[in-house]
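Worksheet for the structure shown next.
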Amino acid sequence: MNLRYSTLVTLAFEDRFTLALVGSSGKGGATLHRRNFGEAVESLTGTGEYHWMAGNYLKYGAAESTSGVGNADQMHVDSHSLIAMCAPRLTFISYGVPEKAMRKWLDQKGSYMATVAAGAVFKLLGVKDIGVSNDYKTEVMPAFNTSMLDGELAWRQHDRGHTDAPNMKYFIEWANKKINYNPATLGRK
C-alpha cells in the first residue's frame, strides 16, 4: 500500500498510533478525490497502474465497466472523512509549494480543504483543529510557511518542494508539546 494513503488509514484504524505526519499526499491521501485538480482518480485506476487501493475503488476511474463509466463524483465519502476518522489523535498535514515539485500531481489546496472540513469532527470530540471555520468552500488557504499548529489537527505548507524535511522541525516541536515530551529534562532528578 502506498504511504500517502496508509499513513491516514493506519492512524484512523490502529489505536496503537498516537500521531502521524502526512506529507505531500495526493489522491488517496489527504487531498479531496472529488476536486478536479492534480492527480486524477482515473490516473490511479488506469490500465497498467499499480493498484494499491481496494478493488472497489477501481470503479470510480473506469472508462467502461459493467457498472458504466465511473468518476470521483460518484464516491460516497472523500478524504476529509478519512482525516476525520483520525480524530482526536494528533494529525499533522504537511506540504511543499507546487511550483517546486510535482505541480501537476499534488493538490495542496484540496488537502487544505479536506483538513478544514475534517476539523469539525476534531471539535466535536473536544480537541482543537487548525483554528478556522469548517467551511472548506470559503476558507482561504494561508500563505506558505504559515504554521497552524495549535490543535490536535495541524497544517503547514513550507516553501520547498515534495519533501517533508522543511516541516520536520515544526512537526517534532508540535508533537513534543502535544504529548508533553521534554527531552531536555530526561535523566534529571
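The values are calculated or read from the model by the stated rules, or taken from the named source; none is laboratory data. These figures come from a predicted structure and were not determined experimentally. Methodologically, a virtual Cβ is constructed for each residue, glycine included, from the backbone with ideal geometry; neighbour enumeration extends over all protein chains shown. Surface areas here come from the heavy atoms of the whole protein model, side chains and all, with no ligands, DNA or RNA. Shrake-Rupley method; radii C 1.70, N 1.55, O 1.52, S 1.80 Å.
Ordering ASN36, MET85, SER147 by the projection of their Cα atoms onto the charge dipole of the chain, which places +1 on the Cβ of Lys and Arg and -1 on the Cβ of Asp and Glu, puts SER147 at the extreme positive end. In this simple spin-label model, placing a label point 7 Å from the Cα along the Cα-to-Cβ direction at both GLU14 and VAL77 gives a separation of 1.8 nm.
Taken over the chain, the ratio of Cα radius of gyration to 2.2 N^0.38 Å equals 1.07.
Relative to the current alpha-carbon distance between TRP52 and LYS177, full extension at 0.36 nm per residue lengthens the span by 41.6 nm.
Which percentage, to the nearest 5, of the DSSP beta bridges contained in the chain is antiparallel? Counting DSSP beta bridges with both partners in the chain, the antiparallel share is about 15 percent.
The distance separating the Cα centre of region 4-70 from that of region 106-134 comes to 19 Å. Lysine pair count for the chain with Cα-Cα distance under 21 Å and sequence separation of 8 or more or different chains is 19. Remark: spin-label model distance MET168-THR138 equals 4.0 nm, labels positioned 7 Å along the Cα→Cβ axis.
The apolar share of the surface of region 108-189, taken as the fraction of accessible area on carbon and sulfur atoms (1.4 Å probe, ligands and nucleic acids excluded), comes to 54 percent. Estimated from helical segments only, the mean residue ellipticity of the chain at 222 nm is -8500 deg cm²/dmol, where each DSSP H run of four or more residues counts as -39500 (n - 2.57).
The charge dipole of the chain, taken about its Cα centre with unit charges on the Cβ atoms of Lys, Arg (+1), Asp and Glu (-1) only, comes to about 640 debye.
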